[in-house]
1. Run the dipole for the chain about the Cα centre, Lys and Arg Cβ at +1, Asp and Glu Cβ at -1, nothing else charged, and hand back the magnitude in debye, nearest 20.
2. Near Leu37, within a Cβ-to-Cβ distance under 15 Å, what is the net charge of the other residues, with Lys and Arg +1 and Asp and Glu -1?
3. Along its three principal axes, how long is region 7-229 when you only count alpha carbons? Whole Å, largest extent first please.
4. Among DSSP beta bridges whose residues both lie in the chain, state the antiparallel percentage, nearest 5.
5. Based on DSSP H runs of at least 4 residues, each adding -39500 (n - 2.57), what is the mean residue ellipticity at 222 nm of the chain after dividing by all its residues, to the nearest 500 deg cm²/dmol?
6. Within the chain, which is the longest segment containing none of the chymotrypsin sites (Phe, Trp or Tyr not before Pro) that sit in a DSSP loop and have at most 10 other Cβ atoms within 10 Å?
7. By how many degrees, between 0 and 90 and to the nearest 10, does the Cα long axis of helix 16-27 differ from the longest principal axis of the chain?
8. Pick out, in residue order, every one of the trypsin sites (Lys or Arg not before Pro) in region 108-197 that is DSSP loop and has at most 14 other C-beta atoms within 10 Å; say none if there are none.
Amino acid sequence: MRLKDQVAIVTGAGRNIGEDISKLFVAEGAKVAVVDLDPGRGSSVAADINSKSPGKAISVVCDVASPSSVDSMVATVVKQFGGVDILVNNAAWTDHKTLFDISEEEWDRVMNVCLRSVWYCTRAAAKAMIDQKRHGKIINIASTSGHWGRKEATAYTTAKAGVLNLTRSIAVQLAPEGIRVNSISPNRIGSPVGQQDVPENRFVKNLAGRRGVPMDIAKAAVFLACDESDFI
């Protein structure tokens, strides 16, 4: 088990990528805080995990766009599991608007959920790691949308580009504390943000020749969270 006795926080864990990361982390020996704004989804994932591995998961309702909610969530995890070793910033929200169509409210929501949340969660979790002298791992789920422009999204592409450089900055800042920070850039993995089902016509072009599934990202997250990636 590559994550034996580790404590992980996974945001946006009530579905899709976050759900599979949470389940694979537990399969690799970790305890997981399933963090989601939707209490039903989070509880369902945690219950499914605990039905197979009792006591390995807790569901924590959290608005990752609220610093006070994030601080409370991390405090709950530390109290319940004794600390934090791994943080996966996965929560996201998207827009499907052009420069002229998107409203200020939509822009702010995407920025708050996709980008500010990474700052809030990393700040809170890293402080807990440093206080307990744990050499933690932080994994930010970015997106290929952060690497290039899209005609049908504006705030999302901007926020995910921000996640990429925020990752680089906090990697530099937290390295002296023994905390490794990396990102993963999925490309249309599973169902779209905010949707439950995968559209049949969801086209993906890549070298693998198939659509990615959430477990593909979960496997990469396990690698970045375990000692095998200590040099990354």
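Read-outs: derived from the displayed coordinates by stated rules, not from any lab. This structure is a prediction, so every number in the text was calculated from the model and none was measured. Note that each Cβ is placed from the backbone with ideal geometry, even for glycine, and that neighbours are counted across all protein chains shown.
1. Values: 28 positive and 25 negative charges, 110 e Å.
With Lys and Arg at +1 and Asp and Glu at -1, about 520 debye.
2. Details: positive: Arg15, Arg41, Arg109, Arg116; negative: Glu19, Asp36, Asp38, Asp63.
In short, 0.
3. Principal extents (largest minus smallest coordinate, Cα): 47, 36, 33 Å.
4. On the way: 1 of 23 bridges.
Of those bridges, close to 5 percent are antiparallel.
5. Working: 7 runs with 96 residues, N = 232.
About -13500 deg cm²/dmol.
6. Working: sites that count: Phe100, Trp148, Phe203, Phe231.
Longest run free of exposed loop sites: 1-99.
7. 20
8. Working: sites: Arg109, Arg116, Arg123, Lys127, Lys133, Arg134, Lys137, Arg150, Lys151, Lys160, Arg168, Arg180, Arg188; in loops: Lys133, Arg134, Lys151, Arg188.
Filter output for region 108-197: Lys133, Lys151.
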